[in-house]
Amino acid sequence: MPSRKRAKGKARKAKAADRHWREVEQYHWKGWATVSSCNHGYSTICPDEDHPVYKYIDELFYIQTGSDGVKHLHVNKEFEDSCRGLWTLLSWVRKSFADHSSVWNNEDHCKMAIDILLSIGTNIISKGAGSGAARVLANAALLLEKFSSIVEVDNLGDDPDLIATSTEDNCRVNFAVCSAAPMIRDLAGGKDRAVIRFFHKGISCDCLKVKYAESKRSSQKVGACNACRQTFLRTDLMVCGTCRIGQYCSVECQSQAWKDHQDECKFLDLGQDGLQWLTTQEEDAKEVRRKQLIMKCNAI
């Protein structure tokens, strides 16, 4: 049997850790990044205040004092709201790119930011602090990840005809948003299960294995109709035949939403064409896709 002295020592350590957690949690996102004894497979080193990644992540949070006088950390409301619409999200990403280009355009900084966001989100879910904040961080990590993967394969700078339709950086931002759009849609409409799944698949440890298994047992795959905003089983939802992103519960809802969706549909369809062009390896097929893409860009 374990000795009483050892048990008391463990209890004291647990109390000290809990007290430290409550103190750290009140004030800074760095507490959420490092609170777990597991690093979730990442070498998460929180940078100092002058580092570009620190400034980028710091903008995703704010501190608010509650009615009880206690300070609490919240995710950026502007970014959270922007994820509800394509144009608002695109506007936010372009602004973030302009303000933090040294993160978006630097592979190492981009990876560091993604690692920290995944660690924070995983710890939020592990602590049972709700999936709302974790969903916002998932969107931020996803956008960085998609932008980084596009930069690795694109050659936009060598194609003046294509970037004449927009700026080179705007093309990359547009493609990143289009690439992330299906997952952002699923995260928004998929409730806790979709958010837990995102972080569980994104980490290499088993910290969320039990929570993900529980979410699969207790809930089904669901999504939200773009028109009525009600939640339905994913298998009962139809997707737009052009962009394959917009989803609806009925033909009536799709018709009702078309006026607002049609411009989004053109943009998303163009983005999907751009992604196909970027990832096509065969030269003749790539050139055909390139010409189609330029024609569509000029037509909008």
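General remarks:
- Within region 199-216, residues that are in the same structural domain as L187 (by TED's automatic domain parsing) sit with their Cβ atoms under 7 Å from residues that are surrounded by 14 or more Cβ atoms within 10 Å (Cβ to Cβ) and of a type in the set (D, E), at 6+ positions apart or across chains, in these pairs: S215/D192.
- The lone criterion from (1) in contact with a Ser or Thr (Cβ under 7 Å, 6 or more places away or on another chain); (2) buried (at least 19 other Cβ atoms within 10 Å of the Cβ) left unmet by D269 is number (2).
- Region 82-110, residues that are without any contact (Cβ under 8 Å) to a residue 60 or more places away in the chain and touching a Phe, Trp or Tyr at 6+ places or on another chain (Cβ under 9 Å): S82, W92, S96, D99, H100, S102, V103, W104, N105, H109, C110
- Whichever residue in region 191-220 is small (G, A, S) and more than 14 Å from the chain's Cα centre (by Cα) and, among such residues, is nearest to A134 (Cα to Cα): S215
- Test: residue in region 226-240 that is touching a residue at least 60 places away in the same chain (Cβ under 8 Å) and surrounded by fewer than 20 Cβ atoms within 10 Å (Cβ to Cβ): no
- Which numbered condition K77 misses (of (1) exposed (fewer than 14 other Cβ atoms within 10 Å of the Cβ); (2) within 23 Å of R185 (Cα to Cα); (3) in contact with a Lys or Arg (Cβ under 8 Å, 6 or more places away or on another chain)): (3)
- Single residue of region 66-98 satisfying the filter (at pLDDT below 75 and part of a strand (DSSP E or B)) that is nearest to E264 (Cα to Cα): H72
- Any hit, region 47-65, residues being of a type in the set (S, T, Y), buried (at least 17 other Cβ atoms within 10 Å of the Cβ) and at pLDDT 75 or above: yes
- Residue in region 156-171 that is at pLDDT 85 or above and in a helix (DSSP H, G or I) present: no
The values are calculated or read from the model by the stated rules, or taken from the named source; none is laboratory data. Since this is a predicted model, take the numbers as computed values, not measurements. When we count neighbours, we look across all protein chains shown, and the Cβ atoms used for this are built from the backbone with ideal geometry, even at glycine.
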